[in-house]
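Here is the structure we will look at, set down as structure tokens.
The values are calculated or read from the model by the stated rules, or taken from the named source; none is laboratory data. Source: prediction; values computed, not measured. Cβ sites come from the backbone with ideal geometry, for glycine too, and all protein chains shown count toward neighbours. Keep in mind that these areas ignore ligands, DNA and RNA; they rest on the heavy atoms of the full protein, side chains included. Shrake-Rupley method; radii C 1.70, N 1.55, O 1.52, S 1.80 Å.
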Amino acid sequence: LGADDQQEILQGLEQHGGTERWSEVLGHVHSGWFRAYQRLARTWDPTLFATICRDNIAQDFRLALPLVDERLRRKAFADALPFIEEAVRALLRLDPGRTWDPREGLLIRQPALGYRSDLGDEPFRLLDAWRKAAAGLGQGELARAIELQVVAGRKRDEWDVVLAAFRGAPQWCEPLFADWRAEAAEQSVGSSGRSREAGWLHGLVDAARAEDSAAFHEAVRIW
């Protein structure tokens, strides 16, 4: 439709959005009407668009991304953090007030992500935005942990890339490495219940990280 028609539709949605007939579909982020409303607002009313995103992050963490990106462009790093935290809660389905620490375990090992194949790269876009905000606020340890999270998430099957990222990492990063090693072994042998078969793969990962083939031979012998 042309510009005039688009703006007329947006005005109509705004005018009638609080009625019973419209409130349900405009309040559900996965409805086609909500997506149309959001797209029209993004084009013709940026302030309304920001409000729509902010009010619905709990339903879809991806709505936080344009808000976070806008604040990162302005280097308003502290202002970006509340949106990041709310988006992480929505992504991981955490109760209000709960948080997730990227230094304690990998995002890709979180149970809430285990059954969602539709997310694509957005979780790692969110993490990368968090890394930039943390770095901008001088939170070096947190930024380093998130950097490893992004590499392990986006390149989880490229062992050389992930191992290179973990070589020389501080000791406090070991929980993240242990999570990726478990992920790599489980993806290689299939079901996580086959823990015995995963044993030699743990040895392979450790030997590859240390660049020590003798360690792998010993792991196989023990296995």
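Odds and ends about this structure:
- Accessible area per residue in Å² at 1.4 Å probe, computed on the chain: 56 Å²
- Angstrom value of the Kirkwood radius, inverse mean 1/r, which spans all Cα pairs in the range 1-80: 13.4 Å
- Across the chain, Cα pairs under 8 Å and at least six residues apart give a relative contact order of 12 percent.
- Between helix 213-222 and the chain there is an angle of about 80 degrees, using the helix long axis and the longest principal axis of the Cα atoms.
- Karplus 3J(HN,Hα) series, Hz, for the range 200-206 with 6.51 cos²θ - 1.76 cosθ + 1.60 (x for Gly, Pro): 6, 5, 4, x, 5, 4, 4
- The chain: Cα Rg divided by the 2.2 N^0.38 Å rule of thumb: 1.28
- Rounded to the nearest 10 degrees, the inclination of helix 64-73 to the longest alpha-carbon principal axis of the chain is 90 degrees.
- Heavy-atom accessible surface of the chain: percent carbon and sulfur, 1.4 Å: 48 percent
- Look at the dipole of the chain built from charges on Cβ: of G97, V220, P123, the Cα furthest out on the positive end belongs to V220.
- Exposed GluC sites (Glu not before Pro) absent - longest run of the chain, DSSP non-H/G/I/E/B, at most 15 other C-beta within 10 Å: 1-103
- For the range 96-148, the Stokes-Einstein estimate of translational diffusion at 25 °C and a viscosity of 0.890 mPa s comes to 204 µm²/s, using the Kirkwood hydrodynamic radius over alpha-carbon pairs.
- Highest average packing first - 149-156, 92-99, 171-178, 35-42, Cβ atoms within 10 Å: 149-156, 35-42, 171-178, 92-99
- Every helix of 4 or more DSSP H residues in the chain counts as -39500 (n - 2.57), and over all residues that averages to -21000 deg cm²/dmol at 222 nm.
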